[in-house]
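This report concerns only the one structure given below.
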Amino acid sequence: MTRTARRHRLALLLCLLAVVAGCTSTPSPGGSGGPPATGGGASAPAGLPAGPPAAVCDNTEPGPATAPPGAVVVDPAVPGDLVAKTDASPPGTTFWLGPGVHTLGTHQFDQVSPKDGDVYTGAPGAIVDGKGVNYYAFAKTAKNVTISHLTVRGFTPPQDQGVVNHDSGNGWTIVANTIEDNGGAGLMAGAHQQVRGNCLRNNGQYGLNAYQPGNGITGLVVEGNEIVGNNTGDWETKVPGCGCSGGMKFWSVDGADVRGNWIHANHGPGIWADTNDNDFLIEGNLIENNDAEAVFYETSYNLVMRDNLVRGNAMVAGKAKAAQQDAFPVGAVYLSESGGEPRIKARTAEIDISGNRFENNWGGIVAWENADRFCNSPANTSTGVCTLLVPDVATCVQPGIATPPLYDDCRWKTQNVDVHDNTFVADPAVVGCDPRYASRSAVLSNYGTYPDWSPYHGEVIQKAISTAQHNTWANNTYQGNWSFVFGAVEVAVSAADWQNTQKQDVGSTFTADDAARC
């Protein structure tokens with residue numbers, strides 16, 4: 001798709017959202033007007049979204065009012081009927097859950113264990129309820145299972161575990177469900193999973209946790225969903241530094257399309273890709289009012305982020321930093337030790353961020369690389385994990401790490417970042433006017449000090465990320481009082497210096513607000 005076509009599609013999205021801003025329907029929690037209630041994106045064709053993201057919650061596509069031909073009918077009046085009939089039926093059975101509340105049993109491990117090819121579809125009003133007792137709703141590793149038109153609520157899995165597809169079975173199709181008010185993650189993911197037209201709301205840790213033992217997830221599609229209000233358990237407070245909260249978390253996923261979703265009001269990041277993710281497309285989403293970043297891409301590779309409307313994000317996290325007088329920049333997009341890498345197969349060899357509108361977020365785009373975080377360093381919080389270029393952690397030691405190729409390949413490098421043809425808007429009445437904290441973008445590292453055998457001591461990574469790793473901003477449009485951080489956190493530069501001295505944002509335009517507004 002050409003840049004002009006992408007701009008036209010983003011303009012259509014903005015136009016439609018402006019029209020619905022005057023609607024009288026009540027938005028989901030944390031919304032700011034939001035998109036129309038059109039019943040979800042489950043019917044959208046593969047490829048680009050056809051229009052703006054849809055308000056799915058309370059508007060999911062209804063299931064069949066009568067049992068499909070040949071389906072096994074599940075009676076909500078019989079406790080454990082769904083479990084018993086699943087166990088008694090052969091693979092490939094279709095189950096129709098009648099209207100009402102279905103329960104699974106009185107033990108924490110009472111759960112549904114599908115067989116390959118099983119289909120579970122709900123009548124209007126069909127609810128699967130864990131009653132605060134059961135850990136999991138649908139578990140085990142059957143392939144090609146379909147879950148549709150159900151409300152799944154009241155399950156209490158332990159930390160980092162999920163309710164639907166608990167064991168990350170491959171090939172599952174999750175369509176037009178409401179998965180809400182559970183502990184842990186509402187939904188886990190496996191390879192080639194389709195997640196379309198669902199409401200993932202108010203779950204204790206995540207709406208979606210895309211993790212599979214062995215890191216085999218590829219070909220994941222998350223399209224046309226509403227993902228709202230997750231991390232009700234406030235996990236970052238409960239387990240400081242856990243990195244375990246937000247709307248969606250992806251771990252070592254190789255190939256994911258996140259398209260046409262409304263991701264909002266989550267307590268943490270909206271989208272968080274962490275540790276050797278690769279080949280992501282984040283396109284056509286409305287990402288707004290999340291407490292932390294809209295997109296957090298961490299120790300990962302090769303991303304296309306385009307044609308999204310990103311607004312009101314990281315206000316909670318940014319204000320918290322400012323209150324602590326912490327000058328580390330907080331952005332709507334945070335690239336942490338992540339970059340484009342042509343040696344790893346993907347649809348791009350860059351982190352390409354283009355055609356997006358960033359509106360009244362705490363900050364813009366922050367590209368960061370921790371000089372002390374690399375494979376085999378004690379500062380690497382992904383313990384025991386190496387880069388995708390070095391399979392053996394033990395390889396990254398002296399003396400080999402001091403010279404190429406290990407000198408480069410033992411690092412997750414923030415490199416080949418291309419930020420272009422975006423619009424950044426910061427209204428000082430919304431974001432504030434303190435240039436020490438708000439309305440900033442950045443490319444920076446720290447002064448390397450740790451461990452004592454690290455070859456990255458001193459300013460070496462600060463210089464690399466800012467001058468030698470092909471991180472460029474160009475042809476963007478800025479409205480508001482923007483400033484920038486370059487190289488190190490203490491180096492704050494004006495828009496003029498960012499352009500003229502640092503040679504960033506070539507071809508970009510800046511329109512500053514009247515200083516009197518501050």
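The values are calculated or read from the model by the stated rules, or taken from the named source; none is laboratory data. No experiment lies behind these values; they were computed from the predicted model shown. Here Cβ is always computed from backbone atoms with ideal geometry, including for glycine, and neighbour counts include all displayed protein chains. SASA here: full protein model, heavy atoms, side chains in, ligands and nucleic acids out. Shrake-Rupley method; radii C 1.70, N 1.55, O 1.52, S 1.80 Å.
Amide H contacts of Tyr206: Ala185, Gly186, Asn231, each under 5 Å away and 5 or more positions distant or on a separate chain (H built 1.01 Å from N in the peptide plane; Pro and chain starts excluded).
Peptides 317-329, 239-251, 443-455 ranked from most to least packed give 239-251, 443-455, 317-329, packing being the mean of other C-beta atoms within 10 angstrom over each peptide's residues. Please list, in order, the residues from the stretch 271-291 whose amide nitrogen is less than 20 Å from a point placed 7 Å along the Cα→Cβ vector of Val316. Backbone N within reach: 271-274, 286-291.
Once backbone amide H atoms are built at 1.01 Å from N, Val493 has Phe484, Val485, Phe486 as its partners under 5 Å, excluding neighbours fewer than 5 places away on the same chain. Converting phi to 3J(HN,Hα) with the Karplus coefficients 6.51, -1.76 and 1.60 and the offset θ = phi - 60°, the stretch 320-330 yields 5, 4, 4, 4, 8, 6, 8, 8, 5, x, 10 Hz in sequence order, with x at every glycine or proline.
The protection proxy used here, the mean number of other Cβ atoms lying within 10 Å of each residue, ranks peptides 388-400, 178-190, 110-122 as follows, highest first: 178-190, 110-122, 388-400.
Note: relative contact order over the chain, using C-alpha pairs below 8 Å and six or more positions apart, is 8 percent. Over the chain, accessible surface divided per residue gives 36 Å², non-protein components excluded, 1.4 Å probe. Coupling constants for the stretch 297-310 follow from the phi torsions by the Karplus curve (6.51 cos²θ - 1.76 cosθ + 1.60, θ = phi - 60°), and in residue order they are 10, 10, 6, 9, 9, 6, 10, 10, 10, 9, 6, 9, 9, 10 Hz; glycine and proline get x.
Comparing Asn215, Ser148, Gly448 along the charge dipole axis of the chain, the residue lying farthest to the positive side is Ser148, per the Cβ-charge model.
Database remark: amide H of Val73 closer than 5 angstrom to the amide H of Trp96 (H placed geometrically; neighbours at sequence offset of 5 or more, or on other chains; Pro and chain starts carry no H).
Only Cα pairs under 8 Å and 6+ residues apart enter the sum, and on that basis the relative contact order of the stretch 301-436 stands at 31 percent. Residue by residue, the stretch 85-96 carries 3J(HN,Hα) couplings of 6, 5, 4, 8, 9, x, x, x, 7, 9, 10, 10 Hz when phi is fed to the Karplus relation 6.51 cos²θ - 1.76 cosθ + 1.60 (θ = phi - 60°); x denotes Gly or Pro. Dividing the mean sequence gap of close Cα pairs (under 8 Å, 6+ apart) by how many residues the stretch 219-313 holds gives a relative contact order of 26 percent.
With both labels modelled 7 Å from their Cα along Cα-to-Cβ, the Ala512 to Thr403 distance reads 5.1 nm.
Restricting the stretch 352-443 to trypsin sites (Lys or Arg not before Pro) that sit in a DSSP loop and have at most 12 other Cβ atoms within 10 Å of their own Cβ leaves Arg436.
Between Asp392 and Gln324, residue separation times 0.36 nm minus the direct Cα-Cα distance comes to 20.5 nm.
Note on Arg436 and Ser89: their simple-model spin labels are 6.3 nm apart, each label 7 Å out from Cα toward Cβ. Using the Cβ-Cβ distance between Thr66 and Lys131 with R0 set to 30 Å, the FRET efficiency works out to roughly 0.65. Under the combined filter of DSSP loop state and at most 16 neighbouring Cβ atoms within 10 Å, the stretch 441-518 retains these trypsin sites (Lys or Arg not before Pro): Lys503. Simple point charges give the picture: +1 on the Cβ of Lys and Arg, -1 on the Cβ of Asp and Glu, and for the stretch 287-438 a dipole about the Cα centre of about 80 debye. Over the stretch 302-396, what percent of the accessible surface lies on carbon and sulfur atoms, probe 1.4 Å? Carbon-and-sulfur percentage of accessible area, whole number: 51.
Pairs of lysines in the chain whose Cα atoms sit within less than 18 Å of one another amount to 8, provided the residues are eight or more positions apart or on different chains. Shown is the FRET efficiency for Val491 and His457, computed with R0 = 22 Å from the Cβ-Cβ distance and rounded to the nearest 0.05: 0.70. Relative to the current alpha-carbon distance between Thr501 and Ala474, full extension at 0.36 nm per residue lengthens the span by 8.3 nm.
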